[in-house]
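What follows is calculated from the coordinates using simple rules that are stated; it is not laboratory data. These numbers come from a predicted model, not from an experiment. Note: ideal-geometry Cβ built from the backbone for every residue, glycine included; neighbour counts use all protein chains shown.
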Amino acid sequence: MDGERIVIVEGITDKRKIKKILAEDIEIICTHGTLGIERMEELILDYNLDERRVYILVDEDDSGYKLRKQLTAELPHAVHIYIDKAFREVAATPEPELARALLNRHFKVKSIYLI
């Protein structure tokens, strides 16, 4: 998979937090929860997800697990980024923790968050 990278998150708060930490311009899309079949197909086509390097970063809760499972079924080439279960939500995860999770997947992050 040589296409551009794209990150899939659940909500706009997650997107804002990740954008704040990243030191590169990466497209981030929000699912706003679990997806119906039609919406999933729209996302795949609209964002050309079959040809891109897709990263999944969702909450460590029931809705996040359900969404991760759904995305994995449709996008088996996607790479998963996990947060510590203690924080449960991407938006509630401290910036240094998120920065390390992103860095581990070779994203460039702002050094201020690497403490």
TODO: Take the residues in segment 1-42 that are closer than 18 Å to residue 106 by Cβ and part of a helix (DSSP H, G or I), then tell me which one is nearest to the chain's Cα centre (by Cα).
DONE: 18
Task: residue 45 vs. criteria without any contact (Cβ under 8 Å) to a residue 40 or more places away in the chain and assigned to a helix (DSSP H, G or I) - done: yes
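From the list 57, 103, which residue is surrounded by 14 or more Cβ atoms within 10 Å (Cβ to Cβ), free of Cβ contacts under 8 Å to residues at least 12 places away in the same chain, of a type outside the set (Val, Ile, Thr) and under 19 Å from residue 21 (Cα atoms)? Break it down into steps so the answer makes sense when it comes.
Numbers: 57 fails: free of Cβ contacts under 8 Å to residues at least 12 places away in the same chain.
Of the residues listed, the single one that is surrounded by 14 or more Cβ atoms within 10 Å (Cβ to Cβ), free of Cβ contacts under 8 Å to residues at least 12 places away in the same chain, of a type outside the set (Val, Ile, Thr) and under 19 Å from residue 21 (Cα atoms) is 103.
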Task: Selected residue (only one of 54, 58 is among the aliphatic types (A, V, I, L, M), assigned to a strand (DSSP E or B) and closer than 13 Å to residue 8 by Cβ) - done: 54
TODO: Within segment 71-105, track down each residue that is among the small types (Gly, Ala, Ser) and in a helix (DSSP H, G or I).
DONE: 73, 99, 101
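Which residue is surrounded by the most Cβ atoms within 10 Å (Cβ to Cβ), if the candidates are limited to segment 106-115 and must be in a helix (DSSP H, G or I) and either in contact with a helix residue (DSSP H, G or I) (Cβ under 7 Å, 6 or more places away or on another chain) or of a type in the set (A, V, I, L, M, F, W, C) (or both)? Give the steps one after another, and end with the answer.
At the first step, the residues of segment 106-115 found to be in a helix (DSSP H, G or I) are 111-113.
Narrowing further to those that are either in contact with a helix residue (DSSP H, G or I) (Cβ under 7 Å, 6 or more places away or on another chain) or of a type in the set (A, V, I, L, M, F, W, C) (or both): 112-113.
Working: 112: 11, 113: 19.
My answer is 113.
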Open item on the list: Looking only at segment 63-96, filter to residues that are touching a residue at least 12 places away in the same chain (Cβ under 8 Å) and out of contact with any helix residue (DSSP H, G or I) (no Cβ under 9 Å at 6 or more places or on another chain); which one of those is surrounded by the fewest Cβ atoms within 10 Å (Cβ to Cβ)?
Closed with: 85
